[in-house]
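*Asks:* The following block contains the structure, expressed as C-alpha cells.
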Amino acid sequence: MLNSELIIMKRTKRYQAVIGALVFIALLSFQVNSKAQNIISLAGKWSFELDPDSLGYKENWSEKHLSSDIQLPGTTDEAGYGTVTKGSDYGILTRAHKYVGAAWYQKKITIPAGWNNKNVNLFLERVLWESKVYVDGKEVSTLSPLYVAHKHPLGRLTKGTHIITLCINNELVHNIGDKGHGYSEYTQSIWNGVIGRIELQKQEDLAINAVKTYPDVSAKSLRLEAFVMNWQQKKSPLVLTATLTDKQSGKVIRTQKQNFIAKAGEAKYDIILNQLSGIKTWDEFDPALYQVTLQLKSGLVQSQWTDVIGFRKLGTTAHKILVNDKVSYIRGNLDCVHFPITGYPSTLDKDWEKIFQKYKDYGLNTVRFHSWCPPEVAFRVADRMGIYIQAEVLWIDWWMSQPNPDRPEMDTRGFPQGLGKNPDGDKFVQEEMKRIVDTYGNHPSFLFFCIGNELGNSDFTVMQEWIRKVKKEDPRRLYAVSTARKITEVDDYMVTHNIPGVGGAYGNSINKTDAGLEKNYSKATIPIIAHEVGQYPVYPEWKEIDKYKGVLKARNLEGFKEMAKKNGIVSQDVDFHKASGALQQLLYKNLIENVLLAPSSAGFQLLSMQDYQGQGEALIGWLDAFWDDKGITDPKVFRQHSNAVVPLIRINSFTFTQSDTIKLSMEVANYFKNDVNAKLNWQLTDELGNVIRDGTAAASSFPQGTLTAAGQLNIECLNLPAEAKKYTFSLHLAGTTYSNSWPLYVFPKEQKNTANDIYVATEWNAKVDSVLNGGGKVLLIANKLGTKNTSKAVSFTPLFWSSSFFPGQGNETLGSLINVQSGAFKNFPTDNYASWQWYKAGSGAKYFDLSAMPEAFKPLVQPISDFHYNKKLGSIFETQAGAGKLLVCGYDLTKSDNAYLQQLRYSLIHYMQGNEFNPVMALPKEKLKEIVAKVPTAENQSPLPDQFNNAILYINAGKKSNSTRSEWSNVLDEVVVNKGFTYEVAGAKVYKEKETGSWIAKRMNINIAPPNGIKGYVYLHFNNPAQSKTSGIVSLEGRELAIGEIPVSGKWVRIFMMREDTNDGKLNINITSDGAANIEIDKLVVVPED
C-alpha cells in the first residue's frame, strides 16, 4: 500500500471521528436549547398564606392577593411559618415550626409570545400531599401522588401575564396512616411546600408524553414504547428517530428512523433498535450507561425526549438473584428518609452521591426504601454508581389499625385498615404503584418493587392480584407483595426475617459463626433476603446535638443529656459510644457472616448503617442521621465481612481452654462478577502481631456465585503459651484486597486462686465489716446480692432497637465499658468492651445501680445504661471502705468449672494483692450496703402450676407421647390451658422419658398465633436430664436473650411479650443451642400482664 493511501485512510478516520463528535455536540446543544425554550422556572419568591381553618375554598382565596411571602422550592418549616414548638416530641426529633393543613401559594407568570395558545403544564417535582391549581382564579387541576411529580395541565394559555395559585394540603389525604416513611413524622416531617423543580413546561400539539425502554441483553436490541399525544384531533404523519449513544465515550451506537401516522389523542408507537453490537451490561461492578434520544417531527412541529438507560438482564433461581446471568448477592441497607436539616428528601445529586458513596465504602450494593419511594435523583445517581434499588409504597400493620390506650404515642392517624379492606387506601396504592413503575421504570437501578413493609393485616389474596397486574404490564424488575409476613405465588423474591412454616432467616449465633440457617434457606423456593438485620443501638455522643441546625431539633437528646448529667455520667458519652459501638460491630459481623455461611441465602438488608431518628430514637447505625461516620468502624474493616468476596470460617466457638483444639473450616463466598483464583493464606497472631501459626488452605479456586469450602484446620491450644491470651485468626486471598479476621481467646483450663490476705465473701456480713475496719481487703462476690430495684442481670447483647419504642425488654443496657487501664484485668485479656470471653463469664452475673454515687466515681466494669435511662451502673467496682479496701464483683467467681470466671477471679485477686489496688474514692458505706443487700430468693426454682393460675396458655411438651422419640405433632402435647392460641413447633422432635416429655433440638422455632394485641410474658422451662453443659439463645421476634447454663434441675426463662409482637396475630420464638448438646423444653406458659 502506498504512503499516500495510508494518509488518506487516516484522514478519513479522523474526519469520521470529528463528524461523529460534532453530531453528538450538536445533538446535545439542540437538547439543551430545546429544553430551555420549552421550560420556564418558577423558583423564587411566591405570595403565601396559611389556611389553618380551611377558609380558602369558601372565600375564594385564589382570587385574592396573598399577604405574606415564601421562597419556593422550600417548605413552611424552612420559612418559619406554623406553630412555634416548645419542648420535645416523644421518641422523635421535634419540628421547630409545625403546620398541618392547607396553605396557599401565588405567583404572577408571563407567557411568552412563542407559547401563545400552547398547552402548558405546571411541574411540581415533590409535594406532600395534595396540590390544587388555579389559573387566574379558576380551578384547573387537583393531584395527590406521594412519590412522583405533580404535573398539572393548565390548558392553552395566551401570551401575557397570568396568576398561578396553589393550594397545598399536607393532611392525611388518603388513609394509609402516618407510620410509613412516605408520610410520617418519624424521620422526615409532614412538611408543606414544594421541593425540587418548579416550572412551566410548554407542550406542542404533537408531543412525546413518555417513553418506556426495554433493553434486551440477549437479543442485543432496544425496544422503545413511545406514548405520543396528538392534540390536533386529526391524523398526522410523523417521523420518530431513535438514537442510542454510549454515555461514557459519546459514540453513537445506532440510529433508527421510522414513519408513522399519528392518531388523534394519545397512542403508543414501538420502535426497535437491533444489532447493537458491543453493548456493555449494567451491574454493581460496571454500571455502563447509554443515552437514548427520541425525536419526533411532523411538518414544522418537533418534540424530543431523552433518558439514560442501562442494559441488564434479571432472573432468579430457587435461591439466588441473577444479574446478567450471574449470581448477585444482595448486601443491602434500609433507607427511611434521613434528612434532619430540611425534614424532606433531597432532590440534589450531591446529597445522593454522598449517601450512595457510603454504601460503596461499606461494601453494600442495595438500598431498600422502607415504605417509601425517593425522588428521581436517587434512581439517577444509583444508575451511575451501580446501586440496586428496592422501592415501596407504604406500611400498614395490625397495631396501626386500632387505638393503643396505654401508649397514645403509638396511635396511627386515621387508624387505617389493611389493604384489600381499605377502599380509599386500596385505590391510592394501586394508582401509586403504576405511577412509580411508569415514572422510574427505565432506570436500570430499579431492580426490586413491592407494595410495602410488613403488611400483616392486609388481604394477600387481593394484593397479589395487584402485583400480578403490574408485573404483566412491566416485567423489567423483580416483584413481591410485601416485605415480610407472607410469601405468595406471584413473589419473585422475599425479604423476610422468618420463612413461614420453616424458620428464621437470620440470627446471632453468639460466640460462633454458624447459626445453622442453611436448613431454613434450603427449604425456600424463591430467593430469600434476610430482613432488617441488626438493630443494635449505640450510646450517643452529646456533641451530635449541635448538628441539628435545621428544621428538626434534637430536644430529645438534650433531655437525655440532662438526665446523664443528673446521674453523673454525662462526661462518659465518648467512652460509652466507643464501647457500645465496638460491641455493635462485633454482633453485626456475626449476623452478616451467619447469613453468608448459608449457601442458599440470597443476601441481607441491614437496619441499619445510619441512625433512625424516630420510633424512640433508635440509634442503631455506625453513621449518624446526617450520613456522617460516628467513628465506630472503618470502611476497610467492615468490608472484610460485607463485600462481593468474603473469606469466612465456620467455627463452633471463639473461646477455648488450653485442653481444647481450635477446629475450623475455611470457606470463601464469591459473588464478584468472575471466578477468583488465588491462594487463601491464614495466620494466627498474638496481640503484638507476632505470627504464631500460618499456612495456606487446600483450595485456591473459588467459582463465581457460590460458597466454596477451602479446607479444615486444627490447632492444639496445648501448644500455645500457657497463659490467658487473645489471638487473631485471619484469612487473606493473595494478590487481592479480600481478607477477614476473628478474635480467639485461649485461657488456662484451671487456675490456682490463692487469696492469701484477701477475705472473699458472698454477702456483706459482720466479718466483712470487721476485715474492712481492720484495714483489710475484701473481694465481695455479689452475683446473688442486690434487690430488684438496685440490681439486674448482666446482658451480653444490647437491648433491641429502642427501649422507649419497645419497653419492658428486661435488658436496659448497651454492653459494658471496661477500664483496660486498670491492673484488675492484667491477667484477663480484654478490650474496652465485653467481647466473647465476657459472654462465657457472664452466666448469672449482676450489675448494680450506682447512680447515687459521686460523679467522679467510675466502676471498673460499667454496663452501659441505655441513654433512655442513663443510670450509673457497675458490675465490678472498687472503693475505700473505712480503713480497708473493697472490690465488688457481680460475676459468679465461685464457679470452679468455668475457666473464664476462674481466670477473672485470678486476675482480680492478683490485682488486689499488689500495690495497684488503691481505690481513689470512698463510697458511702451504708448506702452501698443497701445496694448489695442480700435478699432471700428462690433462685431457679420451678414455679408450681398454681402460680400460673392466670395463664392463658399452658403446655406440657410431648407429655402425651407414647414413644421415646417421635416427630413433633401438637397431639403429643398436653395443653392444660388454651385461651385462643394455635401453635406449631418446627425443627424439633418429641422426646419422652418416664412421665416427662420435651421438645428437643439444637435449633427450633415455636410459631404461635396468639389473640391479637395481647401483652405479657412467655415462660419457657428448659430441661437438662442428660446433665450436659447446655446453654443457648432464645429469640422472640428478633430480640435475643442468653439462656445461660441450664442446670440438671432445669431452668425457667421469662421473656417479655410486647403488644407490638402480637398485633399481627403472630409470635415467633427461636431457640438455638450454643454447643453440641441439644436444647430441651418441657413447658411453655403464656401469662398476660397484670
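The values are calculated or read from the model by the stated rules, or taken from the named source; none is laboratory data. Predicted, not measured: the structure shown is a model, and the values here were computed from it. Cβ sites come from the backbone with ideal geometry, for glycine too, and all protein chains shown count toward neighbours.
*Asks:* What is the residue count in the range 90-100 for residues that are crowded, with 17+ Cβ neighbours inside 10 Å and assigned to a loop (DSSP other than H, G, I, E, B)?
*Replies:* The total comes to 6.
*Asks:* Please state which one of Pro1047, Pro1011, Pro1025 is touching a strand residue (DSSP E or B) at 6+ places or on another chain (Cβ under 7 Å), in a loop (DSSP other than H, G, I, E, B) and not hydroxyl-bearing (Ser, Thr, Tyr).
*Replies:* Pro1025
*Asks:* Let me ask something else. Among the residues of the range 965-995, how many are in contact with a Lys or Arg (Cβ under 9 Å, 6 or more places away or on another chain) and either closer than 27 Å to Lys519 by Cβ or part of a loop (DSSP other than H, G, I, E, B) (or both)?
*Replies:* Residues meeting the conditions: 14.
*Asks:* Same structure again: Taking Leu322 as the residue in question, decide whether it is buried (at least 22 other Cβ atoms within 10 Å of the Cβ) and either in a strand (DSSP E or B) or under 24 Å from the mean Cα position of the chain (by Cα) (or both).
*Replies:* Considered against the rule, which asks whether it is buried (at least 22 other Cβ atoms within 10 Å of the Cβ) and either in a strand (DSSP E or B) or under 24 Å from the mean Cα position of the chain (by Cα) (or both), Leu322 comes out as no.
*Asks:* Tyr727 passes all but one of (1) out of contact with any His (no Cβ under 7 Å at 6 or more places or on another chain); (2) outside any loop (DSSP other than H, G, I, E, B); (3) in contact (Cβ under 8 Å) with a residue 60 or more places away in the chain; (4) buried (at least 19 other Cβ atoms within 10 Å of the Cβ); which number fails?
*Replies:* Condition not satisfied by Tyr727: (3).
*Asks:* Residues Val381, Val393, Val377: which one is touching an Asp or Glu at 6+ places or on another chain (Cβ under 8 Å), farther than 18 Å from Val533 by Cα and surrounded by fewer than 21 Cβ atoms within 10 Å (Cβ to Cβ)?
*Replies:* Result of the check over Val381, Val393, Val377: Val377.
*Asks:* In addition: Output yes when any residue across the range 550-568 is closer than 24 Å to Ala852 by Cβ, part of a helix (DSSP H, G or I), among the charged types (D, E, K, R) and in contact with a Pro (Cβ under 8 Å, 6 or more places away or on another chain), and no when none is.
*Replies:* no
*Asks:* Is it true that Asp424 is within 20 Å of Asn175 (Cα to Cα), modelled with pLDDT of 95 or more and surrounded by fewer than 22 Cβ atoms within 10 Å (Cβ to Cβ)?
*Replies:* For Asp424, the condition - within 20 Å of Asn175 (Cα to Cα), modelled with pLDDT of 95 or more and surrounded by fewer than 22 Cβ atoms within 10 Å (Cβ to Cβ) - is met.
*Asks:* Would you check which residues across the range 588-608 are in contact with a strand residue (DSSP E or B) (Cβ under 8 Å, 6 or more places away or on another chain) and either part of a helix (DSSP H, G or I) or without any contact (Cβ under 8 Å) to a residue 60 or more places away in the chain (or both) and list them?
*Replies:* Tyr588, Leu591, Ile592, Glu593, Val595, Leu596
*Asks:* Next up: Taking strands (runs of 3 or more DSSP E) that fall entirely within the range 199-297, which contain at least 3 residues that are touching a residue at least 60 places away in the same chain (Cβ under 8 Å) and at negative phi?
*Replies:* 206-216, 221-230, 236-246
*Asks:* Still on this structure, I have one more. Using the structure shown, decide if Ser67 is of a type outside the set (Asp, Glu) and at pLDDT below 95.
*Replies:* So Ser67 passes the test.
*Asks:* What number of residues in the range 609-631 are in contact with a strand residue (DSSP E or B) (Cβ under 8 Å, 6 or more places away or on another chain) and either free of Cβ contacts under 8 Å to residues at least 40 places away in the same chain or of a type in the set (Gly, Ala, Ser) (or both)?
*Replies:* 4
*Asks:* Let me spell it out: the conditions are (1) assigned to a loop (DSSP other than H, G, I, E, B); (2) over 19 Å from Tyr183 (Cα atoms); (3) touching a Lys or Arg at 6+ places or on another chain (Cβ under 7 Å), and Val327 meets all of them except one. Which number is the exception?
*Replies:* (1)
Yes or no, residue by residue, for (1) farther than 23 Å from Tyr900 by Cβ; (2) touching a Cys at 6+ places or on another chain (Cβ under 7 Å); (3) modelled with pLDDT of 90 or more; (4) of a type in the set (A, V, I, L, M, F, W, C):
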site: Asn1005; (1), (2), (3), (4): yes, no, yes, no
site: Pro1011; (1), (2), (3), (4): yes, no, no, no
site: Gly1050; (1), (2), (3), (4): yes, no, yes, no
site: Ile1081; (1), (2), (3), (4): yes, no, yes, yes
